[in-house]
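Worksheet: the structure to be examined is printed underneath.
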Amino acid sequence: MTATTGTTAPVKSGAAGAATFAGSDSRKFNYYEPKGRKATHYEDVTLDVQPDPERYLLQDWIINFPDGTPTYSKDWTRCKSGDWHKYRAVDQEWEKTHYQRQSTICGTIQSVIENGRRSGAATRFDKTWVKILQDHLGAYKHAEFGLGTSLMQAQRYGYTQMINNVILTNSSYKLRFAQDLTLYLGEIGLDIEGGIDKDAGKRNWLENPMWQGVRRSIEEIMGSNDYVEQYVAINFVFEPLIGELFRSGFILQMAAASNDFITPSVVSAAESDYERNLANCVEFVHTLLNDGTYPLHNSVILGEYINKHAQLAHAAALQLQPLWSLPRVKVANFAESYDRARNRFTQVLTECGIPVPALA
């Protein structure tokens, strides 16, 4: 920051209030250029929270890792940007609004479960469906936990607080849903004759051949050291080809025919979460593909990431096909459900201008 005194030459100073600039006597944050006509509260509390030598920080990074890597490094992703601070989340969610929304969702789900249990709904579930919930919804909660853990790790490596914030809220939604499923299965198990085996989901996750492709897909995402790859692979690839396929194409389609009107209400919260996360991710990819300096570079890198994870997700989805034959009453089939999933995947990529990889 630079201070001026009379006609003397500018003097560098890190002292608060040393410089006079447009709006320096204002109580509003107007040192940055807002995305819209007026700055939003979300931008005020999120933009430039962390220091950056390229924005308002006189000295270099205050802390470095032992190998010389700064606190935040542009090298933590292969993608490049002329201005990493340009990104703004579509949902404009920050700490307060995020906790408010999470609290509302938790309260709604708990009310649904309590009302269902009060009416004895779980006792009327088809017995075959109860085993499906125990074995396979119980397995899927591990997938959601894995995605949340991956995003929690990825957010630390984002170069700006705007990027870190949106990846972290994405992680929070995933971890909350994994918890939702765990608590839900435990509670309805109290009303079901013989209960629900709380370890069955984990056994299926680790041992059932149907779930091993999903495990590999998630472990490949978790094993990446590129936070952009992790963020995009989850929202552009895993979610439409596996997440929505299982949640919307299987659970939400089959539940009612098995006398289950509670599970769809619990699971549908994750579908709403994904719409927000997808919108935020699309906006992030849009900023990379329309960067003033590196659009072609980013297009190639994102294409590589998507193709790699799409092949894994496609193979994993095909391994889930036997699930559709398990319910006693079959009101949906795998082919139609997966066609919808692939159409969603294609639509997302097409709208972003990313080539759709061929899936065998």
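Of the numbered criteria (1) open to solvent by less than 30 Å² (accessible area, probe 1.4 Å); (2) farther than 30 Å from Met162 by Cβ, the one Asn298 fails is (2). Among residues of region 217-254 being assigned to a loop (DSSP other than H, G, I, E, B) and among the polar types (S, T, N, Q), the one that is most open to solvent (accessible area, probe 1.4 Å) is Asn225. Would you confirm whether or not region 326-337 contains a residue that is in a helix (DSSP H, G or I) and of a type in the set (Gly, Ala, Ser)? The answer is yes; a qualifying residue exists.
Just give me the residues in region 335-358 being touching a residue at least 40 places away in the same chain (Cβ under 8 Å) and in contact with a Phe, Trp or Tyr (Cβ under 9 Å, 6 or more places away or on another chain), in sequence order. Ser337, Phe345, Val348, Leu349, Cys352, Ile354, listed by residue number. Residue pairs whose Cβ atoms lie under 7 Å apart, separated by 6 or more positions or on different chains, with the first residue in region 274-302 and hydroxyl-bearing (Ser, Thr, Tyr) and the second part of a helix (DSSP H, G or I) and surrounded by fewer than 19 Cβ atoms within 10 Å (Cβ to Cβ), are Thr287/Lys86; Ser299/Leu289.
Does region 323-333 contain at least one residue that is within 20 Å of Thr346 (Cβ to Cβ), at pLDDT 95 or above and crowded, with 16+ Cβ neighbours inside 10 Å? Taking every residue of region 323-333 in turn, none turns out to be within 20 Å of Thr346 (Cβ to Cβ), at pLDDT 95 or above and crowded, with 16+ Cβ neighbours inside 10 Å. Every condition in (1) in contact with a helix residue (DSSP H, G or I) (Cβ under 9 Å, 6 or more places away or on another chain); (2) not in a helix (DSSP H, G or I) holds for Thr293 except the one numbered (1). Checking Lys202, Lys198, Lys174 one by one, the residue that is among the basic types (Lys, Arg) and crowded, with 23+ Cβ neighbours inside 10 Å is Lys174 and no other.
A residue that is among the charged types (D, E, K, R) and closer than 23 Å to Ile192 by Cβ cannot be found anywhere in region 266-283. Of all residues in region 44-89, those that are open to solvent by less than 30 Å² (accessible area, probe 1.4 Å) and modelled with pLDDT of 90 or more total 9.
The values are calculated or read from the model by the stated rules, or taken from the named source; none is laboratory data. Computed from a predicted model, the values in this text were never measured in an experiment. Ideal geometry is used to build each Cβ from the backbone, glycine not excepted, and the neighbour counts take in all protein chains shown. All accessible areas refer to the heavy atoms of the entire protein, side chains included, with ligands and DNA or RNA removed. Shrake-Rupley method; radii C 1.70, N 1.55, O 1.52, S 1.80 Å.
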